[in-house]
Amino acid sequence: MGALRPLHGRHLRLSGIRARPAAGPYRDAGAHGAAGPAARSHVDPRPSAGAGTGAGRGQKHARPLRTRAAGFLRAGQGGVSGAGQGGAGTLPGHRCRAGSRSCAGADPRGTAAVAGGHVSRIAETLPWLEDHWQALRRARSEGRLPHALLFEGPAGMGKRALARHLVQSLLCQSPTGSSDACGHCAACRHVEAGTHPDALELVPEEGKALIRVDQVREFCAGLGLSSETPDGIRTALVHPAEAMNVAAANSLLKTLEEPAPGRIIILVTERAGALLPTIRSRCQRLRFAPPAAESILDWLVDRSGQPAEKVLPVLRLAGGAPLAALRALDDEALAERDGVFERWVDLARGRENPMALAADWMQADPVQRLGWMNGWLEDLVRLALAPGSEVKNVDRQPILEKMARHFPPDALLELRDRVLEAMRLSSTGVNLQLLLENLLIDWSRMRGGS
């Protein structure tokens, strides 16, 4: 089914300047109802749904849906605090492609294990999300897990990983005392393999940027089928939720408003503002804010094998998002960024062909490169307006300071706004190569000396 895939990442002003079927029914599963966390909601509390069995319990469907999991919380008030302090900046690039089980790009140290795959213990693998997990666990144990959750925050925070952790714990036959999934039972193995019939995922079709309305209709029909778990739990993960167009989002509303008992839907987004207000209002919203740098420095040093003095600038460049920083700390990723920067500077000096550079960017990861360009332009604006200011690209500050003296701030700001718009449009099916060519041609015409 094209609509369902196995479960397996704004416009900001400058700151600081002013399935296959499972082996069989899970009849031996332990009782664990669809409860939820004492998380902060932005909607009126609703009564929680009991973990009932879906209609047609004994009904067999010819082909169970191949998808993975998510979790349902009934919208209610309570408290899920942010994972940390700071803004929601991101390091563009290395974004997970729709329907894939792990992030695209190099993953030499197994970052996929925490970037959307199985997480055995949140406290060990994603320590900055421990507060979120404990709130979800408490809500579930108290029977207050909402039927719809919205995980929102910048890329690289572990939103999908936490969603899948919740899904696996809901479907696990032998959960631990802390409500973590055991990782060994038949249900856990099927969730890991993407073949659990009660773990659904809705993503854009391969090669497409948007989730279409017919996909949502098919998805909702599958979500309404009977569950194979004793508790009648059936989970669904929708990501990226902002990929739904208006018709698709409206089609999902009915299911969000009146889900079948035991259904749990998790929407994951990096741009909550791009969702329909009616979608947002029907979900309990959990915000994933970047943690304080000192709280995850040791974790990043240990995972990346890089010294702290190298980790901190990259973490800052990543907007404080730990997983984005971890991916960027890979030696090959760092070398790739350095090469792109050098050619971008040469373009401003008239030593590169903008059309050839745009073609090269299209052959790699154009959105990642647009993100890098956005960061460089942001630093140039900051340095042009206030020489000596603190910048994100600390490793490039000397050359950026020289370049900033030769570029008018207004022109830099206008170009940066266009870069942000190109990043926003990249998921809409626009001719991205044409946008890149226009941006790079205009950048080359600025010809700032350095």
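The values are calculated or read from the model by the stated rules, or taken from the named source; none is laboratory data. Note that the coordinates shown come from a computational prediction; the quantities given were computed from them, not determined experimentally. Counting neighbours? That spans all protein chains shown, and the Cβs are built from the backbone with ideal geometry, glycine included.
Residue check: residue 407 meets all listed conditions (1) outside any helix (DSSP H, G or I); (2) under 23 Å from residue 243 (Cβ atoms) but one, namely (2).
If you go through the range 351-368 one residue at a time, do you hit one that is assigned to a helix (DSSP H, G or I) and among the basic types (Lys, Arg)? No, because not a single residue in the range 351-368 is assigned to a helix (DSSP H, G or I) and among the basic types (Lys, Arg). Scanning the range 118-132 for residues that are modelled with pLDDT under 90, in contact with a helix residue (DSSP H, G or I) (Cβ under 8 Å, 6 or more places away or on another chain) and within 18 Å of residue 288 (Cα to Cα), we see that the one that is surrounded by the fewest Cβ atoms within 10 Å (Cβ to Cβ) is 123.
Residue count for the range 409-431, restricted to those that are buried (at least 19 other Cβ atoms within 10 Å of the Cβ) and more than 23 Å from the chain's Cα centre (by Cα): 3. For the range 309-324, the set of residues classified as among the aliphatic types (A, V, I, L, M), under 14 Å from the mean Cα position of the chain (by Cα) and outside any loop (DSSP other than H, G, I, E, B) consists of 323, 324, listed by residue number.
All but one of (1) among the acidic types (Asp, Glu); (2) at pLDDT 50 or above; (3) surrounded by fewer than 23 Cβ atoms within 10 Å (Cβ to Cβ) hold for residue 107, so report the exception by its number. With respect to (1) among the acidic types (Asp, Glu); (2) at pLDDT 50 or above; (3) surrounded by fewer than 23 Cβ atoms within 10 Å (Cβ to Cβ), residue 107 is out only on (2). If you filter the range 396-434 down to residues that are in contact with a Pro (Cβ under 9 Å, 6 or more places away or on another chain) and of a type in the set (S, T, N, Q), you find that the one that is nearest to residue 444 (Cα to Cα) is 433. Count of the range 348-366 residues, restricted to those that are modelled with pLDDT under 95, buried (at least 17 other Cβ atoms within 10 Å of the Cβ) and aliphatic (A, V, I, L, M), is 1. Evaluate the range 251-266: report whether one residue or more is within 14 Å of the chain's Cα centre (by Cα) and surrounded by fewer than 23 Cβ atoms within 10 Å (Cβ to Cβ). Within the range 251-266, not a single residue is within 14 Å of the chain's Cα centre (by Cα) and surrounded by fewer than 23 Cβ atoms within 10 Å (Cβ to Cβ). The set of residues from the range 376-395 being modelled with pLDDT under 90 and within 15 Å of residue 341 (Cα to Cα) comprises 392, 393, 394, 395.
With the requirement that a residue be more than 20 Å from the chain's Cα centre (by Cα) and buried (at least 20 other Cβ atoms within 10 Å of the Cβ), what does the range 227-250 give you? Result: 227, 228, 229, 231, 232, 233, 234.
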